Every structure is written in structure tokens, then in C-alpha cells.
């Protein structure tokens, strides 16, 4: 073999940091050793992987085309090392989830998963759909669990489970007694909604097709709980996943509203980089998600 795994590590770290010194620090190497490893790799195969832009090293087209394969190679090497040293085929899984999934589904799935796989470690990042997709594309996350629909040639987007949005208001809100809202009522209401870029906002906008320019969006907030608190304070009405509202409806702090003329159904999705190596751990995680019911 005419390259080393260390050279591949240096290549990937440099691609991530766009700086050899930072790449070396992340790998606990000297700057000269990292530079030498990268130079040896390029010279051995008579190629250039980076273009220099000031103090930054940016991947060129060849480097960009090789990066996913290098990531997959290192993932397989790490998995093989775990099997040798820990006698475990799971290891660490880096999961990203959008807010609804992360706060109301992912933690319970993690608990079940780690009970079944004692040697497994799962790290969870919770952000909106756009941010999770970006991290998956950059190989910072192994798999994403998202609410929003995506169209990206780099990502494999697979349906996971269905979900339903629910409208809600404070018990003191004038619409609480009405219960069922027609389009005129939807347009007359003051709304408290998720921010643009979130899967919930995407589903809300789709459900409100034809009405969006006339809706009164009073607040756009990044967190589910903040929206619930604002609606409880009677600042307006909201729209969130039904799974985030079950306890509030049960205790009566929020009241469910209906608008059956609109489609409030949506899908949750798995997202993975198309060239990401599907380790045994990733496959087991996907199975655990599919088998989880709430």
C-alpha cells in the first residue's frame, strides 16, 4: 500500500480546518510532521489536493472528489480498530436531530439503544433541519433525523415515520371556544411560529399554501418550549408537532384547535451522506429508530 492512514487523517483534518497547523493540533502532531505527511501523499501520487487562498488551504476539485472516499476509509478503519480493541461492533455514533425529534424522540431512542448495545456511545446534536443537513454533508455527523424535506444530490433522504402538526391556543384565547377554524379565522389570528429553516416551519408554510401572504406572524421563535410559553401567555396561536403538545393538552394549559380543510400531515426523515460508510453501528441505530413507537 502506497499511502498510510495517518496521511489520510492529515488530509481530512486539513480539509476540515483549511489550515495545516490547526489540523496538526487536532491530531496531536507537529506542524512540520503534518505538512510532511500531506506533501508525501501528494508527491507519491503526483497530484495536488488543495489550492492556497492566503493562509487557508481550500480543497480543489480533485480533493473534493476524494474526500468522501477518504472519510469512508477512515470510518471503516476506526470500526475495525474498535472490534479489535473493544470486541464491539457498535462504537460511537454521532447523531443530529431537529428540535422536535431531538427533544421528544431521540433521547428515548438513545436510552433503548444503549441498553441493547452496552459498548455503544451516542452523541446527540440538536439544531434545525438546515444546520443538521450541513453537518451531515460535512461528515461532522453520521446520521441526521430531520423534520424538513430536503433535495440535495449529496444526501440520501429516506422516510422514517409520519407526524401531524397541531394548532393550539391558550384557554383564555377567543378562538378556544370556537375550536374549529376556517381560513378566515386562520388569517385573522396572530401567529407564533418556528423560524425559517426549521422543518416545522416548512410544514406550516406548506399547509398554509395560498394564505401565507395574508397571515399575521407576530413572533418567529427558534425553540418549541418558547412558542408554547408565548401561547400560554395569550400572545397568539401556535402550530407545532402534536407529540410536543400531548402533556399540555392533558393538563389543560393549552387547547387544541382544528382546521380540517388544511393538510397538517408530514414526514420525518433519515439523512446520510451518500458516500458515508454504513457501519454496523449506524445500521443498528437506524433499526432502533424504525422500531421505536410512541
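The values are calculated or read from the model by the stated rules, or taken from the named source; none is laboratory data. Note that the coordinates shown come from a computational prediction; the quantities given were computed from them, not determined experimentally. Counting neighbours? That spans all protein chains shown, and the Cβs are built from the backbone with ideal geometry, glycine included.
Here are some notes:
- Residues in segment 40-54 that are assigned to a helix (DSSP H, G or I), out of contact with any strand residue (DSSP E or B) (no Cβ under 9 Å at 6 or more places or on another chain) and within 15 Å of residue 15 (Cβ to Cβ): 41 only.
- Residues being touching a strand residue (DSSP E or B) at 6+ places or on another chain (Cβ under 6 Å) and assigned to a helix (DSSP H, G or I) - total across segment 243-281: 2
- Index of the failed condition, residue 179 passing every other in (1) over 19 Å from the mean Cα position of the chain (by Cα); (2) on the phi < 0 side of the Ramachandran plot: (2)
- Selection within segment 106-149 - assigned to a helix (DSSP H, G or I), touching a residue at least 40 places away in the same chain (Cβ under 8 Å) and over 8 Å from the mean Cα position of the chain (by Cα): 108, 109, 112, 113, 116, 137
- None of 12, 57 is in a helix (DSSP H, G or I) and surrounded by 13 or more Cβ atoms within 10 Å (Cβ to Cβ) except 12.
- Within segment 224-233, the set of residues being surrounded by 13 or more Cβ atoms within 10 Å (Cβ to Cβ) and either out of contact with any strand residue (DSSP E or B) (no Cβ under 8 Å at 6 or more places or on another chain) or farther than 11 Å from residue 192 by Cα (or both) comprises 226, 229, 232.
- Residue, modelled with the highest pLDDT, within segment 207-223, restricted to residues that are surrounded by fewer than 15 Cβ atoms within 10 Å (Cβ to Cβ) and within 22 Å of residue 134 (Cβ to Cβ): 220
- Residue count, segment 60-82 (criterion: assigned to a helix (DSSP H, G or I) and touching a residue at least 12 places away in the same chain (Cβ under 8 Å)): 16
- Residue 196 vs. criteria over 21 Å from residue 145 (Cβ atoms), in contact with a strand residue (DSSP E or B) (Cβ under 8 Å, 6 or more places away or on another chain) and either surrounded by 14 or more Cβ atoms within 10 Å (Cβ to Cβ) or modelled with pLDDT under 95 (or both): no
- Conditions (1) modelled with pLDDT under 95; (2) under 23 Å from residue 261 (Cα atoms); (3) not assigned by TED's automatic domain parsing to the domain that holds residue 124: number failed by residue 149: (3)
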